[in-house]
Amino acid sequence: MQSLSTRVLNRTYLRRQFLAGRTDRTPLDVVTHLIALQGQECDAPYLGLHARLADFRPEQLAELLESRHVVRSALLRGTQHLCSGADYPWLRPTLQPVLERLAGRVAKLDRTALRAAVGGILAAEPLLRAELGRRLAQEFPAHPPTELSMAAHLMTPLLHPPPSGLWGHRGRIRCVDAVAWLGRPMAAADPATLVLRYLAAYGPASVKDLQVFTGLTRLAPIVKALPLSIFQDDNGIALYDVPDAPLADPDSPAPVVFLPEFDNAVLGHADRGRIIHPGDRAMVTPGWSIVRPTVLVDGFVAATWERTADELRISPFRPWSPAVRDEVVAEGERVLRFVSPDGAAKLVFGDRPTRPVFAARAAEAMSSPDRAAGRE
């Protein structure tokens, strides 16, 4: 079994994530290839595409959302993601067991009755999630509205149409019924479909990587039944890949890249050593469900960044050479032109990010779902 070094995995991963050099593919192609773009923060998908695409403009993604070629919904890990309108009708039902596990007590509601009630209520008009919960409470009086709105979020296929998901939008979120919005029924795919799609964009990867990314469990028999290429990492862990997929040259150059918060390039594996050096992970995910925006240098996370109305602040993990700093500044200025085209913001450097002491317990709690999802 061929052993793959961390650097081979890194360079291969960059290529498959379109981070080894910006691609000329369309935004819809990239969204589809990546399965889903993290959309917890409304601007994150735009920054994620800006990092990967040549000449990307915010209106390109806005047009895809308006035309329903891309949709926004609760998907991976129960969090907001953007995916293609073509993928959603099979992707959401395939992930439904994960979402119902997250629903906890409200998962005991009659899903058929809840689904019918949500569909009937939303048939008249899109509603804010809070209002949907209040209306559902009239039909399920034993449950409070907040609980019912969460149940609808996790147990029924809801979409959040524009202006939700548009660049800069931070208003309240409306809900629509996915079946009515897309005009297509929901039907789960064979899990092998998701396995192959994941490996094409995130492989080579272990079974645990796959399970952490999707939240699905007991995928080992499915993976092992597929005609996949098999490698191992430096620790002897089996890594699976789509057949004949190319592996990258470990010595190939890698550009500086600014990734947004929660980007799945950072969260795509249980073992994130292919993109985050050992010891640096706590500076990216310090706890309390925080995943900071990151800067890749030589293919690995080397800094975090944040933006305000008047600055883009970069916080390196350790000192850089003048040449590396110049490359980071050049890419940072490119990001500035995207987020602040009027030139009002400036680029600054800050202190090394730290892991807050108060977040240690939250970070430990945050790791528990990953461990549970990692069961083979």
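Applying the set (1) in contact (Cβ under 8 Å) with a residue 40 or more places away in the chain; (2) open to solvent by 60 Å² or more (accessible area, probe 1.4 Å); (3) not hydroxyl-bearing (Ser, Thr, Tyr) to residue 274 leaves exactly one unmet item: (2).
Within the range 302-337, restricting attention to residues that are in a strand (DSSP E or B) and charged (D, E, K, R), which residue is surrounded by the fewest Cβ atoms within 10 Å (Cβ to Cβ)? Give the steps one after another, and end with the answer.
In the first step, residues of the range 302-337 are kept if they are in a strand (DSSP E or B); the result is 302-307, 311-316.
Adding the requirement that they be charged (D, E, K, R) leaves 306-307, 311, 313.
Details: 306: 14, 307: 19, 311: 16, 313: 16.
If we take residues in the range 302-337 being in a strand (DSSP E or B) and charged (D, E, K, R), then 306 is surrounded by the fewest Cβ atoms within 10 Å (Cβ to Cβ).
Residues in the range 338-348 that are under 14 Å from residue 311 (Cβ atoms) and either in contact (Cβ under 8 Å) with a residue 60 or more places away in the chain or among the basic types (Lys, Arg) (or both): 2 in all.
With the structure loaded, tell me whether residue 348 is among the hydrophobic types (A, V, I, L, M, F, W, C) and in contact with a Phe, Trp or Tyr (Cβ under 8 Å, 6 or more places away or on another chain) or whether it fails that test. So residue 348 fails the test.
Every test in (1) in contact with a helix residue (DSSP H, G or I) (Cβ under 7 Å, 6 or more places away or on another chain); (2) more than 30 Å from residue 254 (Cβ to Cβ); (3) at pLDDT 95 or above; (4) part of a helix (DSSP H, G or I) is passed by residue 71 save one, and that test is (4).
Starting from residues that are touching a Leu at 6+ places or on another chain (Cβ under 7 Å) and surrounded by 19 or more Cβ atoms within 10 Å (Cβ to Cβ), keep the ones in the range 20-41 and report whichever is farthest from residue 236 (Cα to Cα). Break it down into steps so the answer makes sense when it comes.
We begin by selecting, within the range 20-41, every residue touching a Leu at 6+ places or on another chain (Cβ under 7 Å); these are 20, 22-23, 27-28, 30-31, 36-37, 39.
Then drop every residue that is not surrounded by 19 or more Cβ atoms within 10 Å (Cβ to Cβ), which leaves 20, 27, 30-31, 36-37, 39.
On the way: 20: 26, 27: 37, 30: 32, 31: 32, 36: 29, 37: 30, 39: 34 Å.
So, considering only residues that are touching a Leu at 6+ places or on another chain (Cβ under 7 Å) and surrounded by 19 or more Cβ atoms within 10 Å (Cβ to Cβ), the one farthest from residue 236 (Cα to Cα) is 27.
Look through the range 211-224, keep the residues that are touching a residue at least 24 places away in the same chain (Cβ under 8 Å) and open to solvent by 40 Å² or more (accessible area, probe 1.4 Å), and return whichever of them is nearest to residue 245 (Cα to Cα). Taking the candidates together, the pick is 222. Only residues that are farther than 23 Å from residue 52 by Cβ and either crowded, with 21+ Cβ neighbours inside 10 Å or touching a Phe, Trp or Tyr at 6+ places or on another chain (Cβ under 7 Å) (or both) were counted in the range 284-297, giving 1.
So, residue 204, is that one at pLDDT below 95 and under 21 Å from residue 3 (Cβ atoms) or not? Quick ask: steps written out before the conclusion?
Working: at pLDDT below 95: no; under 21 Å from residue 3 (Cβ atoms): yes.
The answer is no for residue 204.
The values are calculated or read from the model by the stated rules, or taken from the named source; none is laboratory data. As the structure is a prediction and not an experimental result, all values here were calculated from the model. Counting neighbours? That spans all protein chains shown, and the Cβs are built from the backbone with ideal geometry, glycine included. To get the accessible areas, we keep the full protein, side chains included, count just its heavy atoms, and leave off ligands, DNA and RNA. Shrake-Rupley method; radii C 1.70, N 1.55, O 1.52, S 1.80 Å.
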